[in-house]
1. What number of residues in segment A:337-388 are β-branched (V, I, T) and closer than 23 Å to A:T302 by Cα?
2. Could you list, in sequence order, all residues of segment A:1-11 that are in a helix (DSSP H, G or I), within 11 Å of chain B (Cβ to nearest Cβ) and loosely packed, with under 15 Cβ neighbours inside 10 Å?
3. Based on this model, can you work out whether B:N17 counts as within 13 Å of chain A (Cβ to nearest Cβ) and either aromatic (F, W, Y) or surrounded by fewer than 16 Cβ atoms within 10 Å (Cβ to Cβ) (or both)?
4. Here is a list of conditions, (1) within 36 Å of the chain's Cα centre (by Cα); (2) within 15 Å of A:V588 (Cα to Cα), and A:F697 meets all of them except one; can you say which number that is?
5. Please state which one of A:E244, A:E275 is in contact with a strand residue (DSSP E or B) (Cβ under 8 Å, 6 or more places away or on another chain) and of a type outside the set (A, V, I, L, M).
6. Restricting the search to segment A:17-43, which residues are facing another protein chain (nearest Cβ under 8 Å) and loosely packed, with under 12 Cβ neighbours inside 10 Å?
7. In the list A:I63, A:I76, A:I97, which residue meets the criterion of being part of a helix (DSSP H, G or I) and within 23 Å of A:V445 (Cβ to Cβ)?
8. Could you tell me whether A:V77 is under 48 Å from the mean Cα position of the chain (by Cα) and not basic (K, R)?
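The values are calculated or read from the model by the stated rules, or taken from the named source; none is laboratory data. Values in this document were obtained by computation on a predicted structure and should not be read as measured data. Methodologically, a virtual Cβ is constructed for each residue, glycine included, from the backbone with ideal geometry; neighbour enumeration extends over all protein chains shown.
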Amino acid sequence: MNPPKIFELILKWIIDNEDRESLVGDFAEIYKYRVDESGRFITNIWYLSQICKLIPAIFFESIFWSLIMFSNYIKIVYRYFLKHKTFSAINLTGLSIGIASTILILIWVFDEINYDNFHKDADKIYRLNWDFKWKDREGIGSGTPPPLAKTLLNEIPRISETIRIHPLGDMITRYEDIYFNEEKIIGADSNFFKFFSFKLVEGNVDKVLSSPNSVVLTESTAKKYFGNVSPIGKLIKIGEDKIETRAGYSQKKNYNSLYKVTGIAKDYPKNSHIEFDMITSISSIPSVDFFDWSWIWMQVVTYAKVDNKDWLPQIEETLKKIVGEKAPAAFDRVGFSYEDLINNNGKWDFPFQPMDDIYLGSFDIGNRLGSIGNENYIYILASIAFFILILACVNFVNLTTSKSISRSKEIGIRKVLGSDRSKLVKQFLAESIFFSIISTLVALVVVILFFQFYENLSGKEFSLSSIITVKNTIVLFGFVLLVGILAGIYPALFLSSFKPSTVLKGNSTLKPSNLNFRNVLVVFQFTVSIFLITSTLIINQQVDLFKNKDLGFDKDNILIVDNSNNKLGEKFESFRSSLMSKTGIENVSITTGVPSLSWWQDYYKVEGKEDEQFELASYHADENLISTLNFEIVKGRGFEKKFSTNSSSVILNETAVKNYGWDNPIGKKIFYPGTGYFDVIGVIKDFNHASLYQEMFAFGLFHISSSFPYNPNSFVVIKLNSKNITSDHINLIENKWEEFVPDKPFEFSFMDETIQQQYTAETKLRMLFSIFSSLAILIACLGLLGLAAFTAEKRNKEIGIRKTFGASVTSLQILLQKDFVRLILISNIIAWPLAFYFMTKWLSDFAYKIEIGFSPFIISALTVNIFSIIVVGLQLLKTVRRNPVDVIKYE
Amino acid sequence: MKSITRIEEIIMLSILNLGANAYLVSILGYVSKTLGKSVSLTSVHLPLSRLEKNGYLESSFGDATPVRGGRRKKIYSISKTGLQALEEYRNISNKLWDSYLKTETR
């Protein structure tokens, strides 16, 4: 019967002398007697009490002595700091920069990974997605059909709660004479405030959304419309009254646009993937009601609560069965066959996605209610943070060991006076931790100074209250210790290994192996720097390509005015002619789509290949769009007012013609099922109507007068004929707009900016890489400075002797620089393939990409080399210039 | 003069009595038996380490037994100075007893 292992371990750990082994043995023996006498449990308690009795004595002893020693260490650091001011400042700068960048990056990373964690039941909430495969189309999306939530709740007992949210899209919202185009209106089931942890400031949680035509405003929305007056009970108009019918169904539903304000909610937290300014009761939206039977109308987002995640596989299985029972009827009703779909290897599933995965894990799925993040960015950023921190630590190592000669006497004397190696290691670790604490304080100041700038750069708002928490403070403290130990452990081991006899005699016998280790560190630093610089240059070229690539149409001097839901209506023609009469305005056109902003995508049949379906992106525009955007007509003609056939004509792009395999496209026909045929009257040159991420694809331009399909998007595109768009132009257009439709908001954007916005991610990445590669090279150069100082100190006698024999400053510089240039060349050789590999991988996401040429590699190599030669040269100059007499007189 | 306390004397005498088998647990047992009451571990261990530090005891490592989880015993024996100290203690005690007994019988 032996004592528990863990007790013995503790005892062993506490007893810190040579008796350790036999004492533990004695304890084991006594333990045995006692177990026989009074049982195991009581004996265990006795053993523990013995351990507890030992603790205070040991604790007191070690604390007492280590405090005395610690104060001595701090004193030494302080003196050392004062004595080597420049050196210490360099060391601190490097470490502070590293820590500040790491903190900034980590703030970003934590913000991203903590999305949606404010919900009380975040770990129980799941979003249902729609995973489908139908003929050649497959995909996954976040839209689900209206009956799904009800079905889940009624038929699967393990699901405790469900909710549906329907995003309404852009709506014009009005209260008396205040109106706005609201983009974040959602319709939600009445349990919204119970299901999620969004806070309700006014109103009854159970009742605010329970009756149709109720609306809850957020605090800032309420302020926008009502100022300081309480909005409760007021009537707000959202959209327009209308009677909704759906093609093919005899039902009609009235949409009543008057909503009663029943509550006020707190603004949604910044880290919520569900964004809203107004929440209406979902029962007020006729279409949701319309499709109560439908398993095909994928316009609501469904969430469900499941208490235990182990139940999920079974729930998903059950759901599949239920969908298999319910969906066929819905399919039949619209003339499709669910059987066909399943028999042809199709699928129509609704998988569960955990709440904490939605923001970062929805790259393919998307998010209808807000934004999504990019997981890759988190990885890139986190690795940059890691590398910068390592660079800073490496720097510290290099600088500290380079000062070893000046400290070797101190170490020798400490050893002679009885300090053993572990005490010295403790001393140096205390020093590096001290440095790390100071640097962290400096870094915190830097972080605070740059916080605003950083928020702008990242395009995010960080809530400080969620950053400054007890947990994070502890993390920061641990981080400081980690940095201190990481940076200090090598110098500590290295410096404490000096033999007092050699050191005190005055020979600094520094083993070459130490230099080698340091060389490895320098190579590492420069590899990272060169990698970052090369990558920055390549990212730069790609972003320039995005900016400057000829897209196949004019994007400059073009203003896009939002006309969604046909704000102008019949008045467009007169609006247009009144604008055209003004100077400065070259052309005005109306269209349902604009490059990079919006287009319609659908399937068509084409003449000659009737059994196939072809995908075609399209706009519906008037006859002026081609001249406004300067599309090039390759064959045939554009729309012309004088023809009555415009509504049954289409203009295709070259890709479409190529896909259809037509030699002579003019006069050929394409069909849209249920509407009729369209004659091809012209062919335009390919233009990038989507982003440069995508290949060119088939595009067709229809006339605005063709009635299919219903598309609420509409834009007025205005081309100005001056070099720069001034506020006069905008005022002019706005005044005209006010004149024609005073009750509709005027909203505009610039075409070139809109296009550029697609590449925000890359622009941001470029910014980050530029900043961090500059920091990396700065830190690396600081490290090099240290190494140069070390070499100079180590070789100063050699230099002195060479000088007495007539070596010139230049030749000495060359001699000493040679080693460093070699190191950097090695770094180049390592960094180039790495940069090439990762950048090729990054570029592979884009359909239009630059060829990676030689220039980024050459430029980065040159930059780094020149930098290092200057830094090393300046440092060596001091040594090389010294009078040889001062150096060798002691021999 | 080499001073030891009463408990130290008891412990040292126990060690002498135990001979080659004097280690912490056996000493503890012997002392308890002699005094007729249980003695705590620390009240033996602390004097032992003090005595060893002052050079009254010598120690060597003995056998490992399975009962001890395979750990060696630390066997104590009395050093020369230790013996002297014991003798001195006894002499003083004897002297005091003698003089007291003399006055009693007179």
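1. 3
2. Passing the criteria: only A:K5.
3. When the stated conditions are applied, B:N17 does not pass them.
4. The failed condition is (2).
5. Result of the check over A:E244, A:E275: A:E244.
6. Scanning segment A:17-43 gives no hits.
7. Going through A:I63, A:I76, A:I97 in turn, just one is part of a helix (DSSP H, G or I) and within 23 Å of A:V445 (Cβ to Cβ): A:I97.
8. Criteria met by A:V77.
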